[in-house]
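Report on the following structure.
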Amino acid sequence: MEAVHYPVMHREVLESLPIPSGQALLIDCTTGEGGHTSLFLSKYPDLRVIGLDRDRVIQRKAIERLSPFGDRFTPVLCSFDEYLASAKPDSADAILFDLGISMFHYLESERGFSFRRDEKLDMRLNPDEGISAADIVNGYSEEALADVIYRYGEERYSRRISRAIVERRQEKEIELSSELAEIISRAVPREYRYGRIHPATRTFQALRIEVNGELSRIEPALRSAIKVVKRGGRIAVITFHSLEDRIVKWFFKDEAAKDDAEIRIITRKPIVPSQEEEEENTPSRSAKLRVVERI
Ligand SMILES: C[S@@+](CC[C@H](N)C(=O)[O-])C[C@H]1O[C@@H](n2cnc3c(N)ncnc32)[C@H](O)[C@@H]1O
């Protein structure tokens with residue numbers, strides 16, 4: 001797998017978040033390596049960006065990459081739900097979320113996000129906070145573990161996988177991503193082991209979501225974003241799997257349907273990557289972009 005250096009749906013994101021002329025503010029809630037932010041700062045010379053991330057290592061990369069823009073980029077190390085909850089109302093012209101994790105996390109972070117690597121099972125975006133994937137795998141009851149794998153991985157063999165994990169850890173703690181991947185491969189039926197995706201894909205996704213509380217942060221963040229964006233300003237959200245997309249879709253639908261609605265939906269159907277982008281950048285395949293405007 002090769003690292004991808006351009007941001008997902010970059011043209012579509014720029015088009016759906018028009019920035020007014022003059023001094024304007026974009027909040028990039030998931031700055032990552034700064035790909036989207038860099039495009040916005042280049043396109044709009046008077047724009048300022050507040051760029052959030054929970055991960056200090058990837059944030060350092062963004063700071064370096066965006067240094068040519070000087071003080072037009074302000075990095076903040078914070079989870080987006082926490083930042084937006086106390087941000088000034090009506091202060092941003094646009095807000096962008098590009099949810100999930102970056103290729104950096106799989107390829108360079110050494111925190112066990114990838115089942116193809118031999119790394120300590122951690123998976124925390126902020127390793128100073130919360131519990132690691134190893135704590136979950138070695139500490140949750142068999143039932144709780146199966147529930148996480150089923151709910152956040154939509155894994156049909158969750159019970160088998162959880163049982164195999166518990167059996168193994170009775171002999172020895174599970175420490176490495178490669179060990180866990182091997183336990184999962186052995187636990188599932190043969191045809192699934194050699195199926196379309198690696199049999200550990202869903203379990204690894206589930207652990208990552210559980211470790212970082214990813215899903216529970218989305219709705220509160222969007223609720224705050226509606227207050228923080230100015231009237232006429234837009235919020236764009238890119239999701240990468242159905243669990244995330246469902247939350248975003250229904251939250252926006254419910255909000256837009258209220259009698260005193262504060263938003264209108266710009267994208268009736270989500271925008272998806274062009275065929276060209278899908279071919280060039282395989283991980284973009286599952287991406288969906290939804291946009292709303294504050295009214
Ligand atoms: C898909 S990447 C963003 C890539 C970015 N748009 C770019 O063009 O480089 C998602 C980023 O969001 C960060 N992230 C995930 N959850 C977060 C949260 N709750 N608050 C802030 N940042 C978060 C991850 O650490 C990761 O760097």
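Data overview
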{"read-out": "Test: residue in the range 74-92 that is in contact (Cβ under 8 Å) with a residue 12 or more places away in the chain, at negative phi and touching a Cys at 6+ places or on another chain (Cβ under 7 Å)", "value": "yes"}
{"read-out": "The range 199-255, subset within 16 Å of the ligand (Cβ to nearest atom) and among the hydroxyl-bearing types (Ser, Thr, Tyr), residue surrounded by the most Cβ atoms within 10 Å (Cβ to Cβ)", "value": "Thr239"}
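Taken together, the values in this text are just the output of simple stated rules run on the coordinates, not laboratory data. Note that the coordinates shown come from a computational prediction; the quantities given were computed from them, not determined experimentally. We place every Cβ from the backbone using ideal geometry, glycine too, and count neighbours over all the protein chains shown.
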